[in-house]
1. When only the heavy atoms of the protein chains count and the probe is 1.4 Å, how do Tyr97, Tyr136 rank by accessible area, highest first?
2. What is the spin-label model distance, in nm, from His65 to Ser148 if the labels are put 7 Å beyond Cα along the C-beta direction?
3. Heavy-atom accessible area per residue, the range 36-180, 1.4 Å probe: how many Å²?
4. Sort the range 26-92 into rounded, prolate or oblate with this rule: let a ≥ b ≥ c be the square roots of the eigenvalues of the Cα gyration tensor; rounded if a/c is under 1.5, and if a/c is not under 1.5, prolate when a/b is larger than b/c, oblate otherwise.
5. Picking from Tyr122, Ala53, His71, whose Cα lies most toward the positive end of the charge dipole for the range 52-180 (charges on Cβ: Lys, Arg +1; Asp, Glu -1)?
6. Could you tell me which of rounded, prolate or oblate describes the range 28-180, using a ≥ b ≥ c as the square roots of the eigenvalues of the alpha-carbon gyration tensor, with rounded for a/c under 1.5 and, failing that, prolate when a/b is larger than b/c and oblate otherwise?
7. With +1 assigned to the C-beta of every Lys and Arg and -1 to the C-beta of every Asp and Glu, and no other charges, what is the dipole magnitude of the range 67-133 about the Cα centre in debye, to the nearest 20?
8. Got a sec? Charge dipole of the range 138-180, +1 on Cβ for Lys and Arg, -1 for Asp and Glu; which of Ala171, Ala149, Gly139 is way out at the positive end?
Amino acid sequence: MKASFFWPLFVALLIALPSARSTAQTPAEWHDDLVDHMAGNWKLEGPVMGRAAHHEVQAEWAFNHQFLRIHEKTVASAPGIEQKDEHKYEATWFLGYDPVSERYVLHLLDVFGARFSETLGYGTRDGNAIHFVFEYPDGPFHTTFRWSAEKDSWEWLMEQKNKEGKWTSFADLTLAHVPH
């Protein structure tokens with residue numbers, strides 16, 4: 001008897017959900033005077049875990065201007081690839097902002113798979129820098145994106161805690177604008 005009562009209620013709910021979702025407002029485009037500087041094409045260079053990195057980076061707005069999609073990939077002609085001095089790498093970052101919690105959100109998807117992509121980075125702005133904290137399963141990780149208007153470049157500084165609990169450099173990268 002109870003099942004016959006709930007079945008019409010369940011069907012009514014299924015019918016109502018699509019119409020309720022379609023009336024939801026799409027958020028206004030997100031604009032950020034600092035993050036806007038990252039859109040474009042970049043040459044990324046610097047040490048990653050003591051090894052040289054030579055990557056190309058393309059950053060563009062996606063999903064109704066809610067995220068800056070940053071695609072990073074080792075340059076095919078990287079000098080250390082053939083000598084095995086440089087590892088091939090590819091990643092896509094999604095950088096957004098949550099106005100409710102008043103913090104940046106950074107999703108990282110890369111060649112290391114789903115284990116590390118389940119962790120979001122949360123960031124706060126300090127002048128021309130955004131400091132992100134990732135609480136990975138194997139320990140905390142910091143990533144700082146710092147903009148230099150004078151040099152028209154970005155610095156990506158990444159740090160992790162070592163076994164002794166001290167912060168150490170993981171990567172110190174510079175992004176230089178690639179002319180159109």
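The values are calculated or read from the model by the stated rules, or taken from the named source; none is laboratory data. All values derive from a computational prediction rather than experimental measurement. A quick note on method: Cβ atoms are made from the backbone with ideal geometry, for glycine too, and the neighbour counts reach across all protein chains shown. Surface accessibility is based on the protein's heavy atoms, side chains included, excluding ligands, DNA and RNA. Shrake-Rupley method; radii C 1.70, N 1.55, O 1.52, S 1.80 Å.
1. Listed by decreasing accessible area, they come as Tyr97, Tyr136.
2. 3.0 nm
3. Heavy-atom accessible area per residue stands at 58 Å².
4. Prolate, since a/c reaches 1.5 and a/b exceeds b/c.
5. So the residue we want is Tyr122.
6. It comes out oblate by the Cα gyration axes.
7. 100 debye
8. The listed residue farthest towards the positive side: Gly139.
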